[in-house]
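Step one of this worksheet: look at the structure below.
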Amino acid sequence: MSLERSIAAFARAKRVIAGGVNSPVRAFKAVGLSPVFMKSGAGATLHDLDDHEYIDYVLSWGPLILGHAHPAVVKAIAAAAARGTSFGTPTEAETELAELVVSMVPTIERLRFVSSGTEATMSAIRLARGFTRRAKIIKFAGCYHGHADAFLIAAGSGALTNGVPNSPGVTDATALDTIVLPFNDAAAVAHAFETNPETIAAVIVEPYPGNMGLVLPLPGYLQQLRELTTKNGALLIFDEVMTGFRVERGGAAEREGVAPDLTTLGKVIGGGLPVGAFGGRAAVMAYLSPEGPVYQAGTLSGNPVAMAAGIATLRIVRDDATLFDRLEVLTRLLVDGLHEVLSKHGIAHYSTNLGSMFSTFFTPGPVTDLESALKSDTGLFANYYGAMLDRGIYLAPSQFEASFVSTAHTTRNVEQTLAAADAALAHLLARAP
Ligand code: KE4
């Protein structure tokens with residue numbers, strides 16, 4: 001498959017953009033290919049510069065639960081832009097999107113909009129430290145919460161993909177305040193609280209981690225985190241940047257029946273435009289400037305054009321009564337089909353799926369944390385990735401990322417994907433020595 005225009009575009013980009021990309025995972029390093037440059041998207045499909053068409057299971061890393069260029073979202077963006085792109089004043093659009101979020105996520109009584117998931121998690125940590133007057137945080141190996149210093153201590157997303165679990169530039173002093181524990185090990189959390197009495201401000205967790213591939217919590221694990229944080233006077237922060245409005249209207253908190261003190265959001269909430277948010281108990285959010293002493297700010301926070309995209313998206317998510325059931329059924333059809341194809345070809349694998357998120361680990365599994373995820377055959381994944389790309393299937397270019405289904409995907413798309421996987425694996429095995 002010729003990718004010459006993407007290859008030329010990458011060479012041009014590298015002359016003016018660091019690494020030729022504005023986010024490392026897009027560079028395709030983990031799959032050993034030159035990155036594909038896209039020029040348009042519609043529904044479940046993407047078109048690249050060389051006019052190849054793909055069924056897209058990345059969906060901009062999660063935001064596009066309605067697929068690309070949804071008419072209601074495009075119309076809302078155009079109308080908002082025509083009224084002016086930014087005012088730097090309060091607008092009713094911010095209140096409207098906030099009211100939508102609060103109506104769907106009961107644990108969020110007040111929130112603050114920002115422009116990325118990283119801003120949301122960075123701000124939530126600062127708020128938790130200010131509210132509790134404690135310095136330390138607990139995060140989990142393989143969970144990724146964006147690129148703020150406090151989190152790049154054993155990040156799971158880009159950093160793990162690039163094989164650099166610790167990022168230069170993060171100071172030793174910063175690292176001292178972040179405790180990194182294995183996911184799915186409640187005893188380790190209890191021990192951390194015992195050995196760091198009254199110094200841990202918060203536990204931040206992806207309730208369904210998507211940044212080591214999709215890894216599911218063991219039964220009761222999230223409830224144990226809730227009990228341990230309450231018992232030890234620490235806040236529980238659910239980082240639902242990826243899972244918010246994707247696994248359920250009320251996110252993982254609704255599915256699990258666990259009430260975090262703070263929740264961070266991103267991706268779907270902006271409908272493809274830059275929006276993040278953090279929110280939770282009113283008493284905690286009251287500590288945020290200008291009402292309280294914890295400072296946080298942003299020039300384009302609550303941008304009216306981005307708010308319009310979020311409002312259009314969340315209105316559909318709120319009002320489509322069967323949306324989440326349809327997504328879960330279609331995702332299960334795809335995952336079960338992939339399991340059959342991989343088994344037919346004798347490929348050891350471990351599949352996970354929840355809501356419209358899924359992953360295929362090239363290891364027998366089970367995959368319950370970063371250590372078990374790292375046992376995956378990343379070389380086989382890279383070969384599978386390239387063979388699927390050649391057959392018009394666009395997956396996340398890393399074994400350690402989750403993939404997504406949108407309301408624009410169809411059973412026909414699933415059939416095409418399964419046929420492509422069958423052909424891709426047959427091709428790989430025919431080449432195998
Ligand atoms: P952003 O700053 O990239 O908007 O959000 C950071 C973030 C926070 N929390 C979770 C659970 C996340 O998944 C993310 C970002 N996810 C990655 C994909 N795994 C974004 C893709 C990228 O880095 O380019």
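The values are calculated or read from the model by the stated rules, or taken from the named source; none is laboratory data. Since this is a predicted model, take the numbers as computed values, not measurements. So basically every Cβ, Gly included, is an ideal-geometry build from the backbone, and we count neighbours across all protein chains shown. Remember, those area values only see protein heavy atoms, side chains included, never the ligands or the DNA or RNA. Shrake-Rupley method; radii C 1.70, N 1.55, O 1.52, S 1.80 Å.
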- Residues of region 238-251 classified as under 27 Å from Gly130 (Cα atoms), buried (at least 24 other Cβ atoms within 10 Å of the Cβ) and more than 11 Å from the ligand (Cβ to nearest atom), total: 1
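Select from region 266-324 the residues that are among the acidic types (Asp, Glu) and either touching a strand residue (DSSP E or B) at 6+ places or on another chain (Cβ under 9 Å) or closer than 30 Å to Ala42 by Cβ (or both) and list them in ascending order. So that I can check it myself, show each step before the final result.
Of all residues in region 266-324, those among the acidic types (Asp, Glu) come to 291, 319-320.
Selection gives Asp319, Asp320.
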- Message: Among the residues of region 22-39, are any in contact with a strand residue (DSSP E or B) (Cβ under 8 Å, 6 or more places away or on another chain), assigned by TED's automatic domain parsing to the domain that holds Thr378 and in contact (Cβ under 8 Å) with a residue 40 or more places away in the chain?
- Response: yes
- Task: Please determine, by comparing only the residues of region 346-393 that are of a type in the set (Gly, Ala, Ser), outside any loop (DSSP other than H, G, I, E, B) and buried (at least 22 other Cβ atoms within 10 Å of the Cβ), which one is nearest to the chain's Cα centre (by Cα).
- Result: Ser359
- Query: Can you name the number of the only condition in (1) on the phi > 0 side of the Ramachandran plot; (2) away from the ligand (no atom under 16 Å from the Cβ); (3) part of a helix (DSSP H, G or I) that Gly19 fails?
  - Reply: (2)
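Restricting attention to region 171-227, which residues are part of a loop (DSSP other than H, G, I, E, B), at positive phi and open to solvent by less than 50 Å² (accessible area, probe 1.4 Å)? If you could, list the steps in order and put the result at the bottom.
Keep residues of region 171-227 that are part of a loop (DSSP other than H, G, I, E, B), which gives 171, 177, 182-185, 196-199, 206-210, 212, 214-220.
With the extra rule that they be at positive phi, the set shrinks to 184, 198, 220.
Passing the criteria: Asn184, Gly220.
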- Task: Answer yes if at least one residue in region 156-163 is within 16 Å of the ligand (Cβ to nearest atom) and free of Cβ contacts under 8 Å to residues at least 12 places away in the same chain, and no otherwise.
- Result: yes
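For region 262-276, which residues satisfy the criterion of being of a type outside the set (A, V, I, L, M) and either without any contact (Cβ under 8 Å) to a residue 40 or more places away in the chain or closer than 10 Å to Glu240 by Cα (or both)?
As a first pass, look at region 262-276 and keep what is of a type outside the set (A, V, I, L, M): 263-264, 266-267, 270-272, 274, 276.
Hits for region 262-276 are Thr263, Thr264, Gly266, Lys267.
Does Ala321 satisfy the condition of being touching a Phe, Trp or Tyr at 6+ places or on another chain (Cβ under 8 Å) and either more than 16 Å from the ligand (Cβ to nearest atom) or assigned by TED's automatic domain parsing to the domain that holds Glu96 (or both)? Walk me through how you get there before you give the answer.
Values: touching a Phe, Trp or Tyr at 6+ places or on another chain (Cβ under 8 Å): no; either more than 16 Å from the ligand (Cβ to nearest atom) or assigned by TED's automatic domain parsing to the domain that holds Glu96 (or both): yes.
It is false that Ala321 is touching a Phe, Trp or Tyr at 6+ places or on another chain (Cβ under 8 Å) and either more than 16 Å from the ligand (Cβ to nearest atom) or assigned by TED's automatic domain parsing to the domain that holds Glu96 (or both).
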- Task: Considering only residues that are more than 13 Å from Gly271 (Cα to Cα), in a loop (DSSP other than H, G, I, E, B) and among the small types (Gly, Ala, Ser), look in region 65-105 and name the one that is most open to solvent (accessible area, probe 1.4 Å).
- Result: Gly88
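Going by the structure shown, is Arg318 open to solvent by 10 Å² or more (accessible area, probe 1.4 Å), among the charged types (D, E, K, R), assigned to a loop (DSSP other than H, G, I, E, B) and over 16 Å from Met122 (Cβ atoms)?
For Arg318, the condition - open to solvent by 10 Å² or more (accessible area, probe 1.4 Å), among the charged types (D, E, K, R), assigned to a loop (DSSP other than H, G, I, E, B) and over 16 Å from Met122 (Cβ atoms) - is not met.
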- Tell me, please, whether a residue that is among the hydroxyl-bearing types (Ser, Thr, Tyr), open to solvent by less than 40 Å² (accessible area, probe 1.4 Å) and within 19 Å of Val102 (Cβ to Cβ) can be found in region 276-287. no
- Please go through region 120-138 and pick out each residue that is crowded, with 24+ Cβ neighbours inside 10 Å and either assigned to a loop (DSSP other than H, G, I, E, B) or within 11 Å of the ligand (Cβ to nearest atom) (or both). Ala120, Thr121, Ala124
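Answer yes or no: is there a residue in region 65-76 that is within 22 Å of Thr243 (Cα to Cα), in contact with a Lys or Arg (Cβ under 8 Å, 6 or more places away or on another chain) and within 16 Å of the ligand (Cβ to nearest atom).
Step one: of region 65-76, the residues within 22 Å of Thr243 (Cα to Cα) are 65-70, 73.
Going one step further and asking which of them are in contact with a Lys or Arg (Cβ under 8 Å, 6 or more places away or on another chain), we end up with 65.
Adding the requirement that they be within 16 Å of the ligand (Cβ to nearest atom) leaves 65.
Yes, region 65-76 contains a residue that is within 22 Å of Thr243 (Cα to Cα), in contact with a Lys or Arg (Cβ under 8 Å, 6 or more places away or on another chain) and within 16 Å of the ligand (Cβ to nearest atom).
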